[in-house]
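Novice: Structure provided below as structure tokens; questions to follow.
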Amino acid sequence: MLLVKAVIPILRDLLATFVFVALFWVAGIYVATGVGISLVVAQTLFMHWRGHKIGALQWLSLVLISTFGALTILFHRPHFIMIKPSLLWLALGVVMLRRDWMAPYLPPIVTENLEERQIARAGYAYSVLMFALAVVNVAVVKLASANFWAAYALIGPTLAQAVLLTILYFVFRRQISETIAARKARSAVAEGKAAYLLPDMADLAGETEVRPKAKSG
């Protein structure tokens, strides 16, 4: 269940990337950029109209896509929109350096059975991945063709996040199982001690019981 919940945002991001790359290959990067700007603006307005809270990262994404998309179309320089993901991943990496950023997104079975430092380490791992994706994207933009970048943008980041989430899922699952097993073992030991002490307490109660005095005839 945790893995499915975690994969949903990745699938949503993959769908948006797929639409952008498909338009990029069919109609060119300028059409894809224009549609991308329109979609992110429409999504933000729809969320606001429905009364949903628009988070800081959503606003950041809107600003980056609108700004760098407009620069791409205005100056006919596709590198502006191609470099935009690196800025977004850098921002995400900085946010994910907070120890507690991951906790609100985890189900109770995780937060109740894992220590804070275990969750924090997972958050730091995701932060490192964001920084790595930012660097790799810059390298691809500088060293490869636009078509190769489009293919990388569709596959690379999504695959990297899916691999990390799968690893974290199995790591969390093992740690949670160990925590629950240790808790049950401690409970069994405590119950065993209580059962061992009960007969002694009963004997002690019998010895100290005050018996009525016999009547003198």
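Novice: Explain nothing, just the number: dipole magnitude of the range 105-187 about its Cα centre with +1 on each Lys and Arg Cβ and -1 on each Asp and Glu Cβ, in debye rounded to the nearest 20.
Specialist: 220 debye
Novice: Taking other Cβ within 10 Å of each residue's Cβ, how do His79, His48 sort, fewest first?
Specialist: Ordered from fewest to most neighbouring Cβ atoms within 10 Å, His79, His48 come out as His48, His79.
Novice: What does the charge count around Trp149 come to, taking other residues whose C-beta lies under 13 Å from its C-beta (Lys +1, Arg +1, Asp -1, Glu -1)?
Specialist: Local charge sum for Trp149: +2.
Novice: If you don't mind, another one. Cα gyration tensor of the range 125-180, axes a ≥ b ≥ c as square roots of the eigenvalues: rounded (a/c below 1.5), prolate (a/b > b/c) or oblate?
Specialist: Prolate shape, in that a/c is at least 1.5 and a/b is the bigger ratio.
Novice: Next question, about the same structure. Between the range 142-178 and the range 17-79, what's the alpha-carbon centroid distance in Å?
Specialist: The distance from the Cα centre of the range 142-178 to that of the range 17-79 comes to 22 Å.
Novice: Please work out whether the range 2-173 counts as rounded, prolate or oblate from its C-alpha gyration tensor, where a ≥ b ≥ c are the square roots of the eigenvalues and a/c under 1.5 means rounded, while otherwise a/b larger than b/c means prolate and anything else oblate?
Specialist: prolate
Novice: For the range 2-173, give the magnitude of the charge dipole about the Cα centre (Cβ charges: +1 Lys/Arg, -1 Asp/Glu; no others), in debye to the nearest 20.
Specialist: Dipole of the range 2-173, to the nearest 20 debye: 120 debye.
Novice: Along the charge dipole of the range 2-173, which of Leu114, Gly34, Phe170 sits closest to the positive end, that is, farthest toward it, with unit charges on the beta carbon of Lys, Arg, Asp and Glu (+1, +1, -1, -1)?
Specialist: Projecting each Cα onto the dipole axis, the largest value belongs to Gly34.
Novice: For the range 75-155, which GluC sites (Glu not before Pro) pass both filters: DSSP loop (anything but H, G, I, E, B) and at most 14 other C-beta atoms within 10 Å?
Specialist: Loop-located and lightly packed - Glu112, Glu115.
Novice: Quick check: from the Cα gyration tensor, does the range 58-121 come out rounded (a/c under 1.5), prolate or oblate?
Specialist: prolate
Novice: Using alpha-carbon pairs under 8 Å, 6+ residues apart, how would you state the relative contact order of the range 2-173 in percent?
Specialist: The value is 27 percent.
Quick note: the coordinates plus some simple rules give every number you see, no bench work behind them. No experiment lies behind these values; they were computed from the predicted model shown. We place every Cβ from the backbone using ideal geometry, glycine too, and count neighbours over all the protein chains shown.
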